[in-house]
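Enquirer: Have a look at this one before I ask anything.
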Amino acid sequence: MLLERKHVVVIGGSQGIGYQTARLARQSGAEVTIVGRSLSKLDEASERLGKVHTAVADITDEAAINRLFTTIEQIDHVYIAAGSFIGGQILEGSVEQFRTAIESRLWGSVYVIRAAVPKIVSGGSVTLTGGLSTERPVPGAWVTAVATAAAEQLSRALALELAPIRVNAVSPGWTDTPMWDAIFGESKPQAFQEVTSKIPTRRLATAEEVASSVIFLMTNPSITGEVIHIDGGHRYV
Ligand SMILES: NC(=O)c1ccc[n+]([C@@H]2O[C@H](COP(=O)([O-])OP(=O)(O)OC[C@H]3O[C@@H](n4cnc5c(N)ncnc54)[C@H](OP(=O)(O)O)[C@@H]3O)[C@@H](O)[C@H]2O)c1
């Protein structure tokens, strides 16, 4: 029970990697608060998790994030999972369609960190979410690559600035979560099959496997400024 008597706040905790982090944190004895935009998704998640706090807030809304953290007294660990894959070529469409990626992964993380850190107690940590596209960008997803790189670099820079609070990031490769259901719909199995054959481990990660790295970063008191890759070696091929 590594997280007994600890309060873990997961921004983007109603599904996918954030949900699995909340579940493992509960299993490790933590009091858990999950945050997301959709109340119904939060209600569903809390029914499955049992005995968690829920709060509706959009990470891109600074005032909402500030309001959320005024209601929380003490925090041990924060995990920021909120975000999504945003595709599109840089010369196509309007710039507006790309803003959300940066708004959520960079500025959203900044809002959360500014509001949460004053309440984080000794031994506490912040974990951000980067992604495979930082080191292995692909055409048609430039803004996601910039956003994941920003989150990862934030963890390195803030590990110094916020010390002794620890700041780390997980960098997932392709991970089977509801995010891809929303993007691929019925063609998800085919898309996954094409990608899987290229990954050295010949499998996609599960959300739980990424979440277990988040818990590791929360609970190892000597790790800060680190980015853990959970990508089956995909960044090398
Ligand atoms: N799955 C992958 O292959 C993969 C790979 C690399 C990186 N990542 C990154 O890892 C993170 C988690 O991914 P996932 O696959 O677990 O995604 P997911 O299944 O779509 O879950 C995202 C969670 O974040 C919440 N969320 C999304 N936008 C939000 C916002 N603006 N404000 C507050 N909450 C928000 C969602 O709830 P609501 O919709 O109700 O807000 C949900 O709880 C994302 O940043 C994603 O880009 C994923």
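The values are calculated or read from the model by the stated rules, or taken from the named source; none is laboratory data. All values derive from a computational prediction rather than experimental measurement. No Cβ is skipped: glycine too gets one built from the backbone with ideal geometry, and neighbour counts run over all protein chains shown. Remember, those area values only see protein heavy atoms, side chains included, never the ligands or the DNA or RNA. Shrake-Rupley method; radii C 1.70, N 1.55, O 1.52, S 1.80 Å.
To keep it simple, each residue is scored yes or no on (1) surrounded by fewer than 22 Cβ atoms within 10 Å (Cβ to Cβ); (2) assigned to a loop (DSSP other than H, G, I, E, B); (3) without any contact (Cβ under 8 Å) to a residue 24 or more places away in the chain.
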| site | (1), (2), (3) |
| --- | --- |
| Ile17 | no, no, no |
| Thr21 | no, no, no |
| Val35 | no, no, no |
| Lys51 | yes, yes, no |
| Ala55 | yes, no, yes |
| Ala64 | yes, no, yes |
| Leu68 | no, no, no |
| Ile72 | yes, yes, no |
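Enquirer: Collect the residues in the stretch 1-15 that are crowded, with 21+ Cβ neighbours inside 10 Å and at pLDDT below 95, keeping them in residue-number order. Steps first, please.
Expert: First, the residues of the stretch 1-15 that are crowded, with 21+ Cβ neighbours inside 10 Å: 3, 6-15.
If the condition is that a residue be crowded, with 21+ Cβ neighbours inside 10 Å and at pLDDT below 95, then no residue fits.
Enquirer: Could you look through the stretch 216-237, keep only residues that are open to solvent by 20 Å² or more (accessible area, probe 1.4 Å) and among the β-branched types (Val, Ile, Thr), and pick out the one that is modelled with the lowest pLDDT?
Expert: Among them, the one singled out is Val237.
Enquirer: When both residues are 6+ apart or on different chains and their Cβ atoms are under 9 Å apart, which pairs have a first residue that lies in the stretch 114-130 and is touching a residue at least 40 places away in the same chain (Cβ under 8 Å), and a second that is of a type in the set (S, T, N, Q) and assigned to a strand (DSSP E or B)?
Expert: Ser125/Asn168; Val126/Asn168; Thr127/Asn168; Leu128/Asn168; Thr129/Ser171; Gly130/Ser171
Enquirer: For the stretch 159-204, name all the residues that are touching a helix residue (DSSP H, G or I) at 6+ places or on another chain (Cβ under 9 Å) and among the small types (Gly, Ala, Ser). Lay out the reasoning, then the answer.
Expert: In the first step, residues of the stretch 159-204 are kept if they are touching a helix residue (DSSP H, G or I) at 6+ places or on another chain (Cβ under 9 Å); the result is 162, 165-181, 183-184, 188, 190-192, 195, 198-204.
Passing the criteria: Ala169, Ser171, Gly173, Ala191.
Enquirer: Considering the stretch 140-169 alone, what residues qualify as being assigned to a helix (DSSP H, G or I), among the small types (Gly, Ala, Ser) and under 17 Å from Ser222 (Cα atoms)?
Expert: Ser155, Ala157, Ala159
Enquirer: Could you check, for the stretch 207-221, whether at least one of its residues is of a type in the set (Phe, Trp, Tyr), in contact with a strand residue (DSSP E or B) (Cβ under 9 Å, 6 or more places away or on another chain) and in a helix (DSSP H, G or I)?
Expert: Looking through the stretch 207-221, at least one residue is of a type in the set (Phe, Trp, Tyr), in contact with a strand residue (DSSP E or B) (Cβ under 9 Å, 6 or more places away or on another chain) and in a helix (DSSP H, G or I).
Enquirer: Report yes if some residue within the stretch 132-142 is aromatic (Phe, Trp, Tyr), closer than 27 Å to Glu209 by Cα and within 15 Å of the ligand (Cβ to nearest atom); otherwise report no.
Expert: Checked the stretch 132-142: at least one residue is aromatic (Phe, Trp, Tyr), closer than 27 Å to Glu209 by Cα and within 15 Å of the ligand (Cβ to nearest atom).
Enquirer: Taking the stretch 23-33 on its own, how many of its residues are part of a helix (DSSP H, G or I) and either within 17 Å of Ile80 (Cα to Cα) or open to solvent by less than 60 Å² (accessible area, probe 1.4 Å) (or both)? Let's see the steps before the verdict.
Expert: Pass one, the stretch 23-33, residues part of a helix (DSSP H, G or I): 23-27.
Filter once more, so that each one left must be either within 17 Å of Ile80 (Cα to Cα) or open to solvent by less than 60 Å² (accessible area, probe 1.4 Å) (or both): 23-26.
Number satisfying all stated conditions: 4.
Enquirer: Follow-up question, since we're still on this one. Can you name every residue in the stretch 190-213 that is of a type in the set (Asp, Glu) and touching a residue at least 40 places away in the same chain (Cβ under 8 Å)?
Expert: Glu208
Enquirer: Being of a type in the set (Gly, Ala, Ser) and under 12 Å from the mean Cα position of the chain (by Cα) is the filter; apply it to the stretch 156-177 and report the residue that is nearest to the ligand (Cβ to nearest atom).
Expert: The residue in question is Ser171.
Enquirer: On to the next question. For Asp43, only one of the following conditions fails: (1) in contact with a strand residue (DSSP E or B) (Cβ under 8 Å, 6 or more places away or on another chain); (2) surrounded by 22 or more Cβ atoms within 10 Å (Cβ to Cβ). What is its number?
Expert: Single failed check for Asp43: (2).
Enquirer: Oh, and also: For the stretch 74-116, give me each residue that is near the ligand (Cβ under 9 Å from one of its atoms), of a type in the set (A, V, I, L, M, F, W, C) and assigned to a loop (DSSP other than H, G, I, E, B).
Expert: Of all residues in the stretch 74-116, those near the ligand (Cβ under 9 Å from one of its atoms) come to 80-86, 100-101, 103-105, 108.
Then drop every residue that is not of a type in the set (A, V, I, L, M, F, W, C), which leaves 80-82, 85-86, 101.
Those that are near the ligand (Cβ under 9 Å from one of its atoms), of a type in the set (A, V, I, L, M, F, W, C) and assigned to a loop (DSSP other than H, G, I, E, B): Ala81, Ala82, Phe85, Ile86.
Enquirer: Continuing with the same structure: Please enumerate the residues belonging to the stretch 1-29 that are closer than 19 Å to Gly173 by Cβ, near the ligand (Cβ under 8 Å from one of its atoms) and of a type in the set (Ser, Thr, Tyr).
Expert: Tyr19
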